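The values are calculated or read from the model by the stated rules, or taken from the named source; none is laboratory data. Not measured: the values here are computed from a predicted model. Note: ideal-geometry Cβ built from the backbone for every residue, glycine included; neighbour counts use all protein chains shown. Quick note on the areas: whole protein, heavy atoms, side chains included, nothing else; ligands and nucleic acids left out. Shrake-Rupley method; radii C 1.70, N 1.55, O 1.52, S 1.80 Å.
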Amino acid sequence: IVYHAVVVIFLEFFAWGLLTTPMLTVLHQTFPQHTFLMNGLIHGVKGLLSFLSAPLIGALSDVWGRKSFLLLTVFFTCAPIPLMKISPWWYFAVISMSGVFAVTFSVIFAYVADITQEHERSTAYGLVSATFAASLVTSPAIGAYLSVAYGDMLVVILATAIALLDICFILVAVPESLPEKMRPASWGAPISWEQADPFASLRKVGQDSTVLLICITVFLSYLPEAGQYSSFFLYLRQVIRFTPETVAAFIAVVGILSILAQTVVLGILMRSIGNKNTILLGLGFQILQLAWYGFGSQPWMMWAAGAVAAMSSITFPAISAIVSRNADPDQQGVVQGMITGIRGLCNGLGPALYGFVFYLFHVELSDTDGSGKEGKTNMSAIIPGPPFLFGACSVLLSLLVALFIPEHTGPGMRPGAYKKHSNGAQSHSHSPQGSGAEGKEPLLEDSSV
């Protein structure tokens with residue numbers, strides 16, 4: 001019943017996955033002197049705009065329906081693709097600005113909530129998230145092969161065609177999921193500022209000690225993770241000197257291992273050592289992974305650290321579980337909204353932080369002749385990846401904070417102040433109903449990513 005959502009997600013991210021190799025090349029050619037800094041700023045602006053706009057778009061979709069906003073988000077998210085070969089400067093400018101509408105997952109999860117029963121939603125969310133992972137496991141490898149065999153232009157044309165196919169699919173085949181009776185009487189229905197305020201959930205963080213500890217843990221651990229996502233493949237390609245085919249293989253292998261870790265290994269750990277200890281173990285793996293990335297200078301070190309990174313992916317599903325176990329159903333949306341808001345903020349701050357640290361330590365890609373020997377300064381020869389070490393320190397602080405999270409809080413996560421804000425906080429999940437299960441949507445999305 002959710003195949004419409006599955007197809008939309010697969011086509012959108014498959015198109016972007018194809019561009020992994022060409023995008024790294026164009027980025028380095030466009031900004032040869034400050035590649036990492038500009039990469040961080042581009043993704044940082046996009047992340048911050050997405051964080052600011054997501055609640056408003058979700059609230060508007062509750063009034064005007066999901067299909068129109070699904071079409072809007074997919075169109076503007078994919079709009080930069082053809083500009084890659086037309087004008088690289090416009091390409092990166094439009095990528096930054098597209099963050100205003102780059103919230104497809106929020107609308108998709110609301111769409112799924114509309115068309116499924118409460119007991120079906122966790123399975124449906126898992127299916128959508130698995131589809132997202134599958135699209136990114138396969139598409140970079142395909143894009144790298146086509147780029148080497150036929151050139152970047154063919155990859156850009158193919159990605160553009162797939163994006164257009166996705167838009168046509170939404171126009172023709174995707175039905176509206178939000179029933180008319182669930183919408184306000186007119187399109188002029190008012191939307192409160194609390195619904196559209198991206199900082200609404202963050203202001204409630206300090207109202208409960210357990211929630212505060214969880215949110216600090218999420219912030220300190222996801223900040224380096226968001227920065228890593230924005231720059232790591234560029235780092236592999238230009239500093240560690242991975243070939244495009246090797247980068248694609250790395251993405252595929254780590255993606256598959258992460259799926260196994262979040263399904264098989266996570267279940268075993270949750271049953272054997274408990275929820276809190278699983279979080280601590282995941283943070284420990286993340287510290288090891290980031291430290292290895294920071295000091296590693298050989299390809300085999302990156303592969304080994306990638307396997308550790310797959311194990312570190314168990315952290316956020318475990319955090320989601322501990323929140324859902326310790327919060328009442330009518331408070332799930334509030335607590336999950338806080339965590340999702342913090343992660344959205346990290347998606348803007350993390351890339352900018354990594355780009356600035358690369359720039360601060362003079363890790364620049366000065367080698368453009370293809371020799372591959374002089375792309376780093378003396379400082380980066382000692383510490384090849386300074387931002388990853390900063391990230392490891394941040395996650396270490398996160399681990400220390402997580403030690404104080406109680407395994408079972410019971411009524412402790414039930415302050416009355418949350419309940420009076422529940423409607424506004426649930427706007428973060430963009431769901432038309434007030435059930436706790438729907439409040440889990442954003443975090444399920446993030447943990448699967």
Problem set entry | Pick from the stretch 150-164, criterion more than 13 Å from A79 (Cα to Cα) and part of a helix (DSSP H, G or I), ranking: most open to solvent (accessible area, probe 1.4 Å) | Y150
Exercise. Taking the stretch 295-338 as the search range and keeping residues that are more than 30 Å from R237 (Cβ to Cβ) and β-branched (V, I, T), which one is modelled with the highest pLDDT?
Worked result: I319
For this session: Tell me, yes or no, whether the stretch 245-263 has at least one residue that is out of contact with any Gly (no Cβ under 8 Å at 6 or more places or on another chain) and outside any helix (DSSP H, G or I).
Result: no
Exercise. Considering E245, E180, which residue is farther than 30 Å from T25 by Cβ and either open to solvent by 40 Å² or more (accessible area, probe 1.4 Å) or modelled with pLDDT of 80 or more (or both)?
Worked result: E180
Exercise. Considering I256, I240, I268, I287, which residue is modelled with pLDDT of 85 or more and crowded, with 19+ Cβ neighbours inside 10 Å?
Worked result: I287
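Listed here are the residues, each with its yes/no results for (1) β-branched (V, I, T); (2) modelled with pLDDT of 90 or more; (3) outside any helix (DSSP H, G or I).
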position	(1), (2), (3)
H4	no, no, no
T21	yes, no, no
Q33	no, no, yes
I42	yes, no, no
K46	no, no, no
S50	no, no, no
I57	yes, no, no
S68	no, no, no
F75	no, yes, no
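Each row is one residue, and each column tells you yes or no for (1) within 25 Å of T263 (Cβ to Cβ); (2) in a helix (DSSP H, G or I); (3) modelled with pLDDT of 80 or more.
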residue	(1), (2), (3)
M84	no, yes, yes
W90	no, yes, yes
A93	no, yes, yes
M97	no, yes, yes
H119	yes, yes, no
Y125	yes, yes, no
V128	yes, yes, no
S135	yes, yes, yes
A141	yes, yes, yes
Exercise. For the stretch 45-52, does any single residue satisfy the condition of being crowded, with 20+ Cβ neighbours inside 10 Å, aromatic (F, W, Y) and within 14 Å of G99 (Cβ to Cβ)?
Worked result: yes
